[in-house]
Structure formats: C-alpha cells, structure tokens
Amino acid sequence: MYFCIYQKDIEQYFKLGKALAETKIKNRFEIRVFDERAEQTVADLLAYRNPQRTVFGIINNYLRFVKPIANKPTSKWPLDDRWAQFIGKYADELRLAVSPEPVTLDQTIQWIKKQVAPSLKMLMAIDSAKSEDTLMTIIAEAKLSENQQVMIQQMLASPEEIMIQQPKHNGD
C-alpha cells in the first residue's frame, strides 16, 4: 500500500497539452492498495457503502499530523487542528494490515522461479565461462533462518514423525 500525491493539472498539461486553468482537478491524492489490503478495502466499502469513511479511515490510520509537545512521547501529541479539520467526522482508523502467514515451500519455489532463477542462471554462465565457483561459494556461505531449518525438517520428516498422538480421554 502506498499514497500517491501529485499535481493533476501539471500532469494533464504535459500529457495532453491542456491549459492549467482548464483542469478541474489541481491535486490528486491516491491510495493504492494491493492483495489482502485491497480485499479488506473492498470489504469495508461493501459493508459500509461509504467511500469517505473508507478513504479517511485508511488515511487516518497510516498518516497523522500532530502538535509536538516537549517532554511528551509522540504517541501523546495532540492532533494538529488543520489535520483534524481535514479528517473531519471520519476520524476512525481503518487498519488494513493482515497477520503474516508462514511462507510455504511452494511460495518459496515460485519466488525463486520469478525473482531469483534468472540471476542464478547468469552467475552459473559466468562461473562456467571463467571456470569459477562464485555461485556455489555464495550458497555454501549462506546462513539459514530458523524458519528455513524448520521447513527442511518438516519436508524431510517421515509420516510417522509427523503424526500427532491424540490424547486419551478418561472413560473412553
């Protein structure tokens, strides 16, 4: 997710040769959301049918202008009056963050195919042409995260190791 703020009249001038005075929208503020955050945004729009509530809720959650007060933590600084007027009655926050999900082996494989494999192929070609082993040295020196080590154990475990014994209930 990111905010995109730009001068629409200037964009139209360069794109279409439109005179600045003829452009109705002078400035544009866009909220661009993707994936799960986009789904949550649409869900909020459908639930409340109030675009202002959704938009200002997102803005207010991720962006605030405050009045600094010496010797107070920033979380205790009051909202700037002009910002409060801009937000108006839509002061509620709409949090779009989602709980991170563990990375699966399939996701890692897809990431390698799309992002990493071309660079690996390039390094292999250079290593082959120069009789070097840069790529294998990089791989040998790589440190695995705890999550990656767990994934290795899970993928190499036998079915017996994976099975979880169900606790016995009294009276069964």
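Quick note: the coordinates plus some simple rules give every number you see, no bench work behind them. On a predicted model such as this, the values are computed, not experimentally measured, just so you know. Cβ: placed from backbone, ideal geometry, glycine included. Neighbour counts: every protein chain shown.
Amide hydrogen proximity for Val66: with H placed 1.01 Å from N in the peptide plane, the residues at 5 or more positions away or on another chain lying under 5 Å are Asp80.
The long axis of helix 51-62 is offset from the longest Cα principal axis of the chain by roughly 60 degrees. Summing Lys and Arg as +1 and Asp and Glu as -1 over all other residues whose Cβ lies under 10 Å from the Cβ of Trp77 gives a net charge of +3.
Using just its DSSP H runs of length 4 or more, each adding -39500 (n - 2.57), the chain gives a mean residue ellipticity at 222 nm of -14500 deg cm²/dmol after division by all residues. Estimated at 0.36 nm per residue, the fully extended path between Glu11 and Met155 surpasses their Cα-Cα distance by 46.6 nm.
Backbone phi angles across region 22-29, fed through the Karplus curve with coefficients 6.51, -1.76 and 1.60 (θ = phi - 60°), yield HN-Hα couplings of 7, 8, 5, 8, 8, 10, 10, 10 Hz in residue order; Gly and Pro are listed as x. Note that region 76-87 has calculated 3J(HN,Hα) couplings of 9, 5, x, 5, 4, 4, 5, 5, 4, 5, 5, 5 Hz, one per residue in order, obtained from phi through the Karplus relation 6.51 cos²θ - 1.76 cosθ + 1.60 (θ = phi - 60°); glycine and proline are x.
Here the dipole of the chain is about 1280 debye; that uses its Cα centre as origin and unit charges on the Cβ of Lys and Arg (positive) and Asp and Glu (negative). For Lys18, the residues whose modelled amide H falls within less than 5 Å of its own, excluding neighbours fewer than 5 places apart on the same chain, are Tyr13. Other residues whose C-beta falls under 9 angstrom from the C-beta of Ile25 contribute a net charge of +3, scoring Lys and Arg +1 and Asp and Glu -1. Among the lysines, which fall within straight-line cross-link reach of Lys121, defined as a Cα-Cα distance under 28 Å, with same-chain neighbours fewer than 8 residues apart omitted? Straight-distance partners of Lys121: Lys113, Lys130, Lys143. The phi-based Karplus calculation (6.51 cos²θ - 1.76 cosθ + 1.60; θ = phi - 60°) puts the 3J(HN,Hα) values of region 36-43 at 5, 5, 5, 4, 5, 5, 5, 4 Hz, whole numbers, x for Gly and Pro.
Provide, for q = 0.08, 0.09, 0.12 Å⁻¹, the log10 of I(q)/I(0) from a solvent-free Debye sum over equal Cα point scatterers in the chain. For the chain, the Cα-only Debye profile gives -0.61, -0.73, -0.95.
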